[in-house]
Structure formats: C-alpha cells, structure tokens
Amino acid sequence: MGERIFGTDGIRGQFGGKYVCEDFFRKIGEAIGALAASRHWRRILVGDDGRRSAGILRAALLSGLPDDLEVLSVGTLSTPAIAFSAKKFSADVALALTASHNCAADNGVKFFSGQGWKWTRGDEVALECAIGERLSPSGGRRSAVADISAEAVAAYGDHFLSLLPSNALAGKLMVLDGANGAAAWLAQKLYVALGATVEQLGNDPNGLNINENCGSEHPELLCERVKNCGAHWGVAVDGDGDRAVICDSSGAVVPGELIMAPIAVHLGADTLVTTVLSNGALEAHLEKFSIAVRRTDVGDRNVAEDMKRCGSAFGGEPSGHFIWMAAGPVADGLLAAALFFAATADGCRWRFPLNGSAAGSVAVRRPIPLGDATHLSAALARARAALGGSGRAIVRYSGTESKLRLSVEAKTSQDAEMWLNELCSAFGADVAANGQ
C-alpha cells in the first residue's frame, strides 16, 4: 500500500513542498499513466485556477504521462466547470490544479471521473499505490496537448444559463467577488446574462493574489461594498469557484443553513443532505415542509456520495459548498448563489432562527492523536455533559491545513463561545505538553 498523500479534497500544500513540486507531479503523471493502462483510459482533461505555479506543475505532470494518452487543456477555469468539461468532452479523468481557498503560495490537484464525480477513496488509494511502485521513468516525454479552452468556456456558460430562468436576476444590483481566481472573469458575464447589474471585486488576477484579502475567506470588503452601494446581494467565491459566501443588502453574511433551506423548498426536494456541522435548527425548520435532513461527515464529496445513495436533489455544507444534482455532482459557488436568489425572488419568508454556535481552529505543526489529547478529552466530556441534548461539540483535524477545527452549538451564542474558548485552551495545553 502506498503512502497516504490525499487530504479531504485532493492533494494540496505549499508549492515547492514534498507533494506539490515538479518531481512529485511527474510521479503523479507516471502513476496516472499506469492506471490508464489498466483501466483503458484514453483521454485526460486538465485545467487550473490561475496560480503562477500552475504552468510548472502542469508541465511536470504532463511529462510523466505516456504519449498515447490524449490530453485536453481547458486553461484557467473553475473547478465545477472542469468537472463539467470532463463529461462534456468525454474525458476518462479530469484534473484541476488548484489549492481552492488557500493562499497563492499553495497549489495542488483535485481529481474527477469522466462523469464529473470527485474520485472515491478507492481511486485515491489506487493512485497512491501506483506512486509507491517503482514505475519506469518517463524520460521527460511530453504528451501532446489540445487546447479546448474556448470550447470549454462556451459549453459551461451554456450549461449554467440553461439551468435558470433567463430573467432570474432581472433588476438586481449584485456585487461579485471572484477572489482573483478561476471564476473572476466569467462571473460578471453569467450574472449579466441573467439580467443583473454587476459590480466586481477580486477580478484582477495576476497569479499571485488569488484569495488575497478577498473571496469567500475574506468577505469583509464585499459586505462593505454591498451596504455602501445599495446592492441587493453580494456573492464571494473562493479561488477555484466551488464555494460561495452570500451577503444580504445590509452587508450581513447569510449563514449556509439559511441558503440551503429555501433552495431545498424551492426545488421540492424530499431530502436535504448536509454535514454534521450544520446547525440543528435546520431539521426543525425543514420538517415544516416535509423535507428530511441527512447528515454526513465533513466534505462535499461525502455529501455528493450520500445524495447519490438517497436520490437527493440538493445538499451542501454550511461553509459554502452547495450541490445541485441537476447541474452536476460538484459544488458550484456562482450557480448555487444564483439558485438561492431565484428561490427567494418571490419574497418568501426564508429566514429562521439558528441555535447559538461558535467555531474556531488551533494551528499545529504536527497532529496530536485525539486519543492522546487528554486536556481536550476532559474538556469535551465537560462540554457535552453540560450541553446535553440542546447542543453539540465537534472537533476534527482539517483535511487541507495543519489545524484542529472546533465547533460548538448551544442554546445561546454566549454559551457556545464559552465552551469553544475552553476547548481551544484545553487543546493548547495538549499542544504545549507535546513540545509544539
């Protein structure tokens, strides 16, 4: 069995590090070539989110591929558009070179099947095993590349607009923050085509400013601009365009649960699939509409796979990944936001009160097994006993960053903040005790 190199969502890290460098991406190309031979793949599709390091990593990866594997390039394109293109252009596998919401110094790769689904853990293990084998070096061969970027943009745009009424955003003033990433230049075109008047932020990508004080990780400027210019809504996506944060006309960020619920009602869904991190008030609200709620582990791949199992039309994570299965099995920030605006266009009462909650994280140089984090374990026991059935406390390591993430739900925000602080302090003591 090969070394585990995948995180929650693909391979990701600092450019020049152990897994995100020329040598390792060449190995990835060689491993894909080995899988291609055994799985009879003939065509691979590659795109990126516009980071300066993308060209270096792409060249390294392609140099590891066998000459008989056809390569299609879609250039800089959002991750959901790359996943859509895999199926549209009959690829056997698609790769998105991206570090999602991470800073420009990072990069990575996400993997998709020919049907546009994120790779399963089984697919990841197969690649890890292939990388762990002593493969014959490629000798620097470079596969020929067909540039289909223009065709891919046109096809995705047509697909996007076909899913919504042509006047879905008519009369709306919108502020769009493209995070200086893959969706920055296409966002305005699509929203204007739906009838909106658009002001833009984060639409000057240079390869080094992706997610820099903008986008879904930093919606402060968006909220301020929406409030000051009198816009109806604001949308911020992340660097690769699969996540969306929405703010209302007052400049307040709309919680993800308040985005998912009206969409589920609008679509007439029987079941909404979400994660363990969604606020407990979501179930109570959707019960009024006879919509069941199913919860999965964190990760939009887990959400999509459970949606497939139960036949759900819509699902997502409160952090901003929303999946509309009619559009495809990958989260699409711009599309989900437009769907939310269509769902609330009739003035329906879509807001509902959430339980108190708080979330935070603690950075670590190396993970401490949670079973060995004695201070945290004791604090968790106290928190869960005090919260009882009225709340929850969840801790987990991030799959994309060196952090422990903590979430608390309680009757009041004050209680949630109090327990979050106690849990963070307790884990801090564990970190110190382990010499970090």
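The values are calculated or read from the model by the stated rules, or taken from the named source; none is laboratory data. What you see is a predicted model, and the numbers here were worked out from it, not measured in a lab. Reconstructed Cβ throughout: ideal geometry from the backbone, glycine too, with neighbour counts over all protein chains shown.
Per the listing ALA304, ALA338, ALA326, the residue uniquely among the small types (Gly, Ala, Ser) and part of a loop (DSSP other than H, G, I, E, B) is ALA326.
How about the range 371-407: which of its residues are among the polar types (S, T, N, Q), more than 19 Å from the chain's Cα centre (by Cα) and farther than 25 Å from ASN355 by Cα? Selection gives THR374 alone.
From the list ALA34, ALA105, ALA59, the one residue that fits, being surrounded by fewer than 22 Cβ atoms within 10 Å (Cβ to Cβ) and more than 29 Å from ASN203 (Cβ to Cβ), is ALA34.
Considering the range 260-277 alone, what residues qualify as being at pLDDT below 95 and crowded, with 20+ Cβ neighbours inside 10 Å? Please lay out each step first, then the result.
Residues of the range 260-277 that are at pLDDT below 95, as a first pass: 276-277.
Answer for the range 260-277, where residues must be at pLDDT below 95 and crowded, with 20+ Cβ neighbours inside 10 Å: just LEU277.
One line per residue, one yes/no per condition, for (1) among the aliphatic types (A, V, I, L, M); (2) within 16 Å of ALA244 (Cβ to Cβ); (3) free of Cβ contacts under 8 Å to residues at least 60 places away in the same chain:
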position: ARG309; (1), (2), (3): no, no, yes
position: ILE323; (1), (2), (3): yes, yes, yes
position: ALA337; (1), (2), (3): yes, yes, no
position: ALA343; (1), (2), (3): yes, yes, no
position: ARG349; (1), (2), (3): no, no, yes
position: PHE352; (1), (2), (3): no, no, no
position: ALA363; (1), (2), (3): yes, no, yes
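Residues of the range 363-373 include none that is crowded, with 18+ Cβ neighbours inside 10 Å, closer than 30 Å to LEU173 by Cβ and in contact with a strand residue (DSSP E or B) (Cβ under 7 Å, 6 or more places away or on another chain). Residue pairs whose Cβ atoms lie under 6 Å apart, separated by 6 or more positions or on different chains, with the first residue in the range 418-436 and without any contact (Cβ under 8 Å) to a residue 60 or more places away in the chain and over 16 Å from ALA359 (Cα atoms) and the second part of a helix (DSSP H, G or I) and of a type outside the set (D, E, K, R), are ALA429/HIS375.
Take the conditions (1) small (Gly, Ala, Ser); (2) over 15 Å from VAL237 (Cβ atoms); (3) in contact with a strand residue (DSSP E or B) (Cβ under 9 Å, 6 or more places away or on another chain); (4) in a loop (DSSP other than H, G, I, E, B); ALA152 misses just one of them, which is (4). When ASP48 is tested against (1) assigned by TED's automatic domain parsing to the domain that holds ARG121; (2) out of contact with any Leu (no Cβ under 6 Å at 6 or more places or on another chain); (3) not aromatic (Phe, Trp, Tyr), only condition (2) is not met.
Of the numbered criteria (1) within 28 Å of LEU72 (Cβ to Cβ); (2) in a loop (DSSP other than H, G, I, E, B); (3) in contact (Cβ under 8 Å) with a residue 60 or more places away in the chain, the one ASN203 fails is (3).
Yes or no, residue by residue, for (1) in contact with a helix residue (DSSP H, G or I) (Cβ under 8 Å, 6 or more places away or on another chain); (2) in a helix (DSSP H, G or I):
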| residue | (1), (2) |
| --- | --- |
| ARG12 | no, no |
| PHE25 | yes, yes |
| ILE32 | yes, yes |
| SER85 | yes, yes |
| HIS101 | no, no |
| GLY122 | no, yes |
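More than 30 Å from ALA94 (Cα to Cα), more than 23 Å from the chain's Cα centre (by Cα) and either assigned by TED's automatic domain parsing to the domain that holds SER100 or small (Gly, Ala, Ser) (or both): which single residue out of GLY280, GLY347 fits that description?
On the way: GLY280 fails: more than 23 Å from the chain's Cα centre (by Cα).
Every option except GLY347 fails the conditions.
From the list VAL431, VAL362, the lone residue that is assigned to a strand (DSSP E or B) and either more than 25 Å from ASP9 (Cβ to Cβ) or not aromatic (Phe, Trp, Tyr) (or both) is VAL362. The residues of the range 166-185 that are part of a loop (DSSP other than H, G, I, E, B) and either within 18 Å of the chain's Cα centre (by Cα) or charged (D, E, K, R) (or both), listed by number, are LYS172, GLY178, ALA179, ASN180, GLY181, ALA182, ALA183. All conditions in (1) assigned to a loop (DSSP other than H, G, I, E, B); (2) at pLDDT 95 or above hold for ARG225, with the sole exception of (1). Within the range 200-252, the only residue that satisfies the criterion of being in contact with a Cys (Cβ under 6 Å, 6 or more places away or on another chain), surrounded by fewer than 22 Cβ atoms within 10 Å (Cβ to Cβ) and on the phi > 0 side of the Ramachandran plot is GLY251. For the range 242-272, a residue qualifies if it is free of Cβ contacts under 8 Å to residues at least 24 places away in the same chain and of a type in the set (Asp, Glu), and exactly one does: ASP248.
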